[in-house]
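Colleague: Sharing a structure here in structure tokens format.
The values are calculated or read from the model by the stated rules, or taken from the named source; none is laboratory data. These figures come from a predicted structure and were not determined experimentally. FYI the Cβ positions are ideal-geometry reconstructions off the backbone, even for glycines, and counts take in every protein chain you see.
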Amino acid sequence: MTAPDTRSRTSLPLQVDQGSPAHRTLQVLGLAALAGLAILGSRTNSFQVGLLTQALIYATAIAGLNLVTGYTGMLSIGHSAFFGIGAYTTGILVSERNWNPLTTFAVSLVICFVFGLIVGLPALRIRGINLALVTLALAVAFPELVDRFPGLTGGSLGLNVNLFQLLPPHWTGIGIQNRFEYYYWIAAVVLALVLVLCANLTRGRTGLAMRATRDRETAATAVGVNLAWIKVFTFGISAAVTGVAGSVFAMYLGSLSADSSFTLTLSITLITGLVIGGVATVVGPIIGGLAVIYIPHWTESLRQGQTEGLFFGSILIILMFVMPDGLMGLLKRLARRVVQIKPRAPEKPSTAGAFLVDLGATADAELEGKGDTTLALS
Amino acid sequence: MQLFLEYLFNGISNGAIYAAIALALVMVFRGTGTINFAQGEMALFTTYIAWGLTTKNVPVILCLLIATAAGFVLGAVTERVLIRPIERKSLLATLIVLLGLFLVLNSLDGILWGNQNYTMPSLFPNAVSSFITLGGARLYWANLGLWIVLAVLVGAMFQLFNHTRLGLHMRATASNRESASLSGIPVGRILMLGWGFSAAIGAVAGVLLTPLAPDSLGVGEMFPILIQASAAALFGGLDSPGGAVIAGLLMGVAEALLSGYVSVIGGQLQEAIAFVAIVVVLLVRPQGLFGSKEVERV
């Protein structure tokens, strides 16, 4: 809710036109920096690679949650269940049916999309609070249901996938002892694809409709947003993305146990990551994923036990008060002091379209232009 | 018959707890328009306080009163410090803050009192032999006491809502905050009181419930109850205190009878059933049994 102030800073901010060669260069540099960081990450020791892989997986799941909670404003506490459904889909198909793990991702995508649609259905008749309750109950019910069908899921004993079914294929040249590097790259590629998908989805017409739905439902309907479609569709896509993250997680971990991995705690962790990284930003989930993996890692060395919960809980509360747009919001504000991207004037918008643009831009401070800046600079 | 009555007694005890927590949820919802995710954890935190005092040989009745007062303060302070500044921003921000509070309180329980489970002494005679026999079934004094105390508490709340000036102010605030404020009602103070009362009800429920079974005071005790109570509150209608109480009792009894007689449901599927109940209620009748329909002015 900070009022963005684009003009009245010092003389420093360079003005760059959106779409100009300078802007494009910045974007390419930003992407190159991200790719460089990814390569750097894969060169660390195997323990670090493992942690980073988890961070990438969580970042993917958070990116999924971001679509529903960040852009469309529907709090979902049930994404641990979608993550779990994706993980079990991969686990079961690989261990029981001998599938190639990578092909199971597509199945996870479809199954989780359908589950997302079903859970999103109550959102049609009800709003905020009630949807939060439905998803809360889903998060609690999922581990129970897994335990209830031990024939399929291994029940409370867990599901173990034979390591040899998860090894990197020969053409990668990665041996069994370096297999975590393979998982790391799979997680990185999946995350990259997901972020491209999210960026495209949220910048276009659908993204505007999502943000309009979040900011003022009634007005959004008035300008022709199909609320029912947007809500259910977003829920489906979001669940599918988080489900694929679960699939990568199953591949990385090789053994699944719903009682420990896919509980309400996971949902809260994802929400915490989203808030830390910054809601309704494209790159925020990466920061969030790194934060929720590395912070517990550090606090554990300070003191065992519930410190992590206390820390995350306090962070959630404090951030909502002092930095509701998360670290990404902070970075954007800092970046804006150095470089400003001037958005292109829209070409002859229709009246309804212009209104919708205004509506979407109210709380989100012209993400259209600024999103590019931050992508290029982070 | 004897078995049926024993299921029924258990169901009423659980139902009374669901009803109390559901009533607390409804009081917060009417005032602030949000579900207090931390309601169960607030109750648990104050129950731990009461338990801590009983280990120092403080009489149980005094522990109950202190815990209730602590609950009141906890609720009122939460409203004033955490909720009031944030609720203007958005519902999403409020819900996330409450989720954070849930996490903080739960972790504090573990840090302050450890992760093992404790047995809480009861306000009422709680020996193996302290029961009366009704139709062949045993009704323990602790259960009976819980029914009576919660019935009196709920009755007092309804007296407060419907027959006092404070209650009138609370109802006015719930129905339209701006108009209430314009007619001179101190809305801020009323909201604080509402949160205080609701957390105090939770404290009473927690202190009475915990002694019913040995080793039941633990960091995970209240969460399943919160789920059931939210389902009850939703079922009764989120803005209807009477609906919450009736639905809470119904859910407790139905759950006890179902898990007693239908073997498929037993034990660990209860939360899944609450989930299904929530979804069905929301799809079929979003305003619940006794709630009022949400009307929005454009």
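Colleague: Please go through the range B:115-142 and give me each residue that is over 20 Å from residue B:64 (Cα atoms) and within 24 Å of the chain's Cα centre (by Cα), ordered by number. Steps first, please.
Modeller: Residues of the range B:115-142 over 20 Å from residue B:64 (Cα atoms): B:115-116, B:128-139.
Correct list: B:115, B:116, B:139.
Colleague: In addition: Residues A:322, A:357, A:292, A:339: which one is over 23 Å from the mean Cα position of the chain (by Cα), at pLDDT 80 or above and not acidic (Asp, Glu)?
Modeller: A:339
Colleague: Next up: Name the helices (runs of 4 or more DSSP H) wholly within the range A:208-317 that hold at least 3 residues that are away from chain B (no Cβ under 14 Å), among the small types (Gly, Ala, Ser) and in contact with a Phe, Trp or Tyr (Cβ under 9 Å, 6 or more places away or on another chain)?
Modeller: Passing ranges, in order: A:227-253.
Colleague: Additional query: When you scan the range A:164-173, do you find a residue that is touching a residue at least 24 places away in the same chain (Cβ under 8 Å), over 25 Å from residue A:235 (Cα atoms), surrounded by 13 or more Cβ atoms within 10 Å (Cβ to Cβ) and more than 14 Å from every other protein chain (Cβ to nearest Cβ), even just one? Quick ask: steps written out before the conclusion?
Modeller: Kept after step one, since they are touching a residue at least 24 places away in the same chain (Cβ under 8 Å), are these residues of the range A:164-173: A:165-166.
Those still in the list that are over 25 Å from residue A:235 (Cα atoms) too: A:165-166.
The next check asks that each one be surrounded by 13 or more Cβ atoms within 10 Å (Cβ to Cβ); those that pass are A:165-166.
The next check asks that each one be more than 14 Å from every other protein chain (Cβ to nearest Cβ); those that pass are A:165-166.
Yes, the conditions are met somewhere in the range A:164-173.
Colleague: Still on this structure, please answer the following. Is there any pair with a first residue in the range B:129-149 that is of a type in the set (Lys, Arg) and a second that is outside any helix (DSSP H, G or I) whose Cβ atoms are under 7 Å apart and which are 6 or more apart or on different chains, and what are they?
Modeller: As it stands, the answer is B:138/B:131, since those pairs meet every condition given.
Colleague: On to the next question. Identify the single condition in (1) over 20 Å from residue B:15 (Cα atoms); (2) in contact with an Asp or Glu (Cβ under 9 Å, 6 or more places away or on another chain) that residue B:139 does not satisfy, given that it satisfies every other one.
Modeller: Residue B:139 satisfies every listed condition except (1).
Colleague: Check whether at least one residue in the range B:244-261 is on the phi > 0 side of the Ramachandran plot and part of a helix (DSSP H, G or I), and report yes or no.
Modeller: Taking every residue of the range B:244-261 in turn, none turns out to be on the phi > 0 side of the Ramachandran plot and part of a helix (DSSP H, G or I).
Colleague: With (1) without any contact (Cβ under 8 Å) to a residue 40 or more places away in the chain; (2) buried (at least 23 other Cβ atoms within 10 Å of the Cβ) as the list, and residue A:25 as the residue in question, which single condition is left unmet?
Modeller: Residue A:25 satisfies every listed condition except (2).
Colleague: Then there is this: For the range B:216-223, check the following and say yes or no: at least one residue is of a type in the set (A, V, I, L, M) and under 28 Å from residue B:250 (Cβ atoms).
Modeller: yes
Colleague: Looking only at the range B:103-123, count every residue that is touching a residue at least 40 places away in the same chain (Cβ under 8 Å) and more than 7 Å from chain A (Cβ to nearest Cβ) and tell me the total.
Modeller: Residues in the range B:103-123 being touching a residue at least 40 places away in the same chain (Cβ under 8 Å) and more than 7 Å from chain A (Cβ to nearest Cβ): 13 in total.
Colleague: What's the number of the condition residue A:328 fails, among (1) of a type in the set (A, V, I, L, M); (2) under 30 Å from residue B:78 (Cα atoms); (3) within 14 Å of chain B (Cβ to nearest Cβ)?
Modeller: Unmet condition: (3).
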